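I have placed the structure first, in the form of structure tokens, so that the comments after it can refer back to it.
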There are 2 protein chains.
Amino acid sequence: MKLIHHIAELRTWREANPHVALVPTMGNLHEGHLHLVNLARQHAEHVAVSIFVNPLQFGPTEDFTRYPRTLERDADKLRECGVDLLFAPDVSQILPATPRCQIALPALANQLCGATRPGHFVGVATIVLKLFNLVQPDIACFGKKDYQQLSIIRMMVEDFNVPIEIIAGETQRAADGLALSSRNQYLTPDERARAPQLFQQLQLITHLAQQADANVSQLEQNAWQTLAEAGWQPDYIQIRNRHLAEPTPQDQQLVVVGAARLGNTRLIDNLEFSRQPA
Amino acid sequence: MKLIHHIAELRTWREANPHVALVPTMGNLHEGHLHLVNLARQHAEHVAVSIFVNPLQFGPTEDFTRYPRTLERDADKLRECGVDLLFAPDVSQILPATPRCQIALPALANQLCGATRPGHFVGVATIVLKLFNLVQPDIACFGKKDYQQLSIIRMMVEDFNVPIEIIAGETQRAADGLALSSRNQYLTPDERARAPQLFQQLQLITHLAQQADANVSQLEQNAWQTLAEAGWQPDYIQIRNRHLAEPTPQDQQLVVVGAARLGNTRLIDNLEFSRQPA
């Protein structure tokens with residue numbers, strides 16, 4: 001595996017290595033990331049992983065400085081997976097000066113996670129576009145765990161005609177159902193034991209929402225209530241269509257997305273489901 | 001020369017034709033465009049020209065519908081110049097639905113031409129980024145006549161790490177000095193005779209601004225006054241550095257940019273110059 005920190009070296013590597021699939025990450029890799037690496041390998045000759053903790057996507061009160069940085073351990077894992085390139089640039093390589101041009105996103109970027117994290121998705125989209133232009137992959141893999149991020153990146157790729165195929169990886173889960181996330185390590189043992197409750201509520205919703213007489217907003221409220229009574233601070237629990245628009249009665253392909261805080265840790269999860277035509 | 005209207009066909013052409021220089025245009029081609037085509041040929045194996053009258057860059061009161069569309073004549077000219085590809089998509093190919101993602105630009109986009117054409121440069125940058133991703137050229141050529149457009153595109157390419165080299169073509173002029181522009185044909189014979197006055201004022205400024213005791217803002221005001229007295233409606237006459245920032249006393253590489261309306265036609269022009277260190 002080649003470890004590259006500088007853009008000039010990356011451009012040289014890319015010229016010599018055609019047909020690349022990229023897995024953009026912020027490092028602190030877990031099985032969810034490695035699942036994306038394996039997915040990438042199924043779709044391209046060469047697999048590149050980027051590790052960049054993107055300051056633009058953290059709010060001023062968020063965990064940018066304490067976000068876990070574990071480059072050596074990450075590199076070992078990727079080497080074991082047979083990754084061809086690890087691109088791990090410094091902030092100065094990617095954001096040399098005050099940002100001038102950014103991506104302007106539609107209303108979706110200010111809903112769901114965007115409602116409590118202003119500027120988050122603009123920061124994500126701007127850096128992802130830069131990484132796309134730097135690595136120039138044929139394919140890029142993103143996890144469904146960050147469903148809104150995936151939707152916005154798909155939108156950006158489509159709207160700007162970016163010549164990259166986006167492939168989504170299924171959310172990887174612990175045995176008790178908790179979606180794998182770098183932020184799980186912030187949980188106390190007690191919180192970790194209760195953390196699967198979020199996924200359990202999403203499962204319950206997908207089960208009940210398939211019934212013909214389901215009252216969608218009532219289901220959302222019930223889940224919210226249950227989590228609040230169990231000591232969570234729910235942020236949102238919403239049923240949307242697969243583009244994260246408000247579903248119409250005709251929409252059969254849906255997803256329930258949820259975010260809630262447990263102690264100091266904000267967890268997100270989602271679950272795709274289908275329902276019968278109305 | 002291959003004439004392509006559809007994106008799918010363009011992608012196929014691109015795969016078979018490596019090393020491409022692109023000249024993006026809105027058609028109605030004149031010697032200024034053909035100069036860019038020749039410049040493109042000096043830098044790449046294949047030359048592609050796009051013709052797309054971009055609705056996003058016209059304001060509601062501007063000349064989008066009456067902008068001259070002369071595809072057959074343009075294609076003949078490009079064929080004579082030995083262009084390899086003419087990409088002339090319909091609006092529906094490039095803007096299939098309501099725009100969602102756009103480019104967000106820094107303050108420069110709202111100054112100079114941007115001050116009286118709100119949204120103009122966002123429209124330009126968004127479509128240019130799409131054309132870049134569609135044609136995927138190694139090189140793209142833009143004329144210095146649209147100096148602010150050139151600056152903003154350079155900025156976007158740098159900020160998003162777009163893997164394209166931007167090459168600037170010198171402004172082409174009529175024998176009397178008037179910068180070539182598709183909009184010159186809107187001028188009445190009398191206006192056409194007076195039109196070189198804008199360039200003459202810019203030349204005068206570059207001459208006088210090189211003197212050690214030059215009062216820059218006085219020079220700008222004098223030119224404005226002279227044009228106004230000659231029946232123009234000046235929009236701006238400004239000396240800037242080559243990045244179009246307000247010049248500091250240390251800046252030696254400068255440009256004077258001007259825009260003024262003659263009758264119903266808005267003309268722009270500029271002239272680069274150097275001055276001695278302060």
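Here are some notes:
- Subset of segment A:103-127 (residues that are over 23 Å from A:D235 (Cβ atoms) and touching a residue at least 40 places away in the same chain (Cβ under 8 Å)): A:I103, A:T126, A:I127
- Among residues of segment A:168-189 being farther than 17 Å from A:P68 by Cβ and polar (S, T, N, Q), the one that is farthest from the chain's Cα centre (by Cα) is A:Q172.
- Residue list for segment A:34-48, restricted to those being closer than 18 Å to A:A16 by Cα and small (G, A, S): A:A44, A:A48
- If the condition is being in contact with a strand residue (DSSP E or B) (Cβ under 8 Å, 6 or more places away or on another chain) and not aliphatic (A, V, I, L, M), then segment B:140-158 contributes B:C141, B:F142, B:G143, B:K144, B:K145, B:D146, B:Y147, B:Q148, B:Q149, B:R154.
- Residue match in segment B:151-172 (condition: modelled with pLDDT of 95 or more and under 15 Å from B:A260 (Cα atoms)): no
- Subset of segment A:176-192 [more than 13 Å from A:R261 (Cα to Cα) and buried (at least 16 other Cβ atoms within 10 Å of the Cβ)]: A:L178, A:A179, A:L180, A:S181, A:S182
- In segment B:8-24, residue surrounded by the fewest Cβ atoms within 10 Å (Cβ to Cβ) [restricted to those that are hydrophobic (A, V, I, L, M, F, W, C) and either touching a strand residue (DSSP E or B) at 6+ places or on another chain (Cβ under 9 Å) or modelled with pLDDT under 95 (or both)]: B:W13
- If you filter segment B:201-245 down to residues that are modelled with pLDDT of 95 or more and part of a loop (DSSP other than H, G, I, E, B), you find that the one that is surrounded by the most Cβ atoms within 10 Å (Cβ to Cβ) is B:W232.
- Across segment B:221-258, the number of residues qualifying as more than 22 Å from the chain's Cα centre (by Cα) and β-branched (V, I, T) comes to 2.
- Of all residues making up segment A:106-125, the number that are buried (at least 23 other Cβ atoms within 10 Å of the Cβ) and within 8 Å of chain B (Cβ to nearest Cβ): 1
- Among the residues making up segment A:255-272, a single one is without any contact (Cβ under 8 Å) to a residue 60 or more places away in the chain and buried (at least 21 other Cβ atoms within 10 Å of the Cβ): A:V256.
- Those residues of segment B:35-91 which are hydroxyl-bearing (S, T, Y), more than 20 Å from B:K145 (Cα to Cα) and modelled with pLDDT under 95, in sequence order: B:T61, B:T65
- Residue in segment B:82-90 that is surrounded by fewer than 14 Cβ atoms within 10 Å (Cβ to Cβ) and away from chain A (no Cβ under 14 Å) present: yes
Rundown of residues vs (1) more than 14 Å from chain B (Cβ to nearest Cβ); (2) within 21 Å of B:A125 (Cβ to Cβ); (3) out of contact with any helix residue (DSSP H, G or I) (no Cβ under 8 Å at 6 or more places or on another chain); (4) part of a helix (DSSP H, G or I), yes/no style:
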site	(1), (2), (3), (4)
A:D74	yes, no, yes, yes
A:K77	yes, no, no, yes
A:P96	no, yes, yes, no
A:L129	no, yes, no, yes
A:P137	no, no, yes, no
A:C141	yes, no, no, no
A:K145	yes, no, no, no
A:P163	no, yes, no, no
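- Residue under evaluation A:I167, criteria (1) in contact with a Pro (Cβ under 6 Å, 6 or more places away or on another chain); (2) farther than 18 Å from A:Q238 by Cα, criterion not met: (1)
- Selection count, segment B:30-86, where residues are among the aromatic types (F, W, Y) and without any contact (Cβ under 8 Å) to a residue 60 or more places away in the chain: 1
- Residue count for segment B:38-49, restricted to those that are crowded, with 22+ Cβ neighbours inside 10 Å and either of a type in the set (D, E, K, R) or part of a helix (DSSP H, G or I) (or both): 1
- B:G27 in a helix (DSSP H, G or I), of a type outside the set (D, E), surrounded by fewer than 23 Cβ atoms within 10 Å (Cβ to Cβ) and touching a strand residue (DSSP E or B) at 6+ places or on another chain (Cβ under 7 Å): no
The values are calculated or read from the model by the stated rules, or taken from the named source; none is laboratory data. Only a predicted model underlies this, so the values are computations on that prediction, with no experimental measurement involved. Virtual Cβ from ideal backbone geometry, glycine too; neighbours counted across all protein chains shown.
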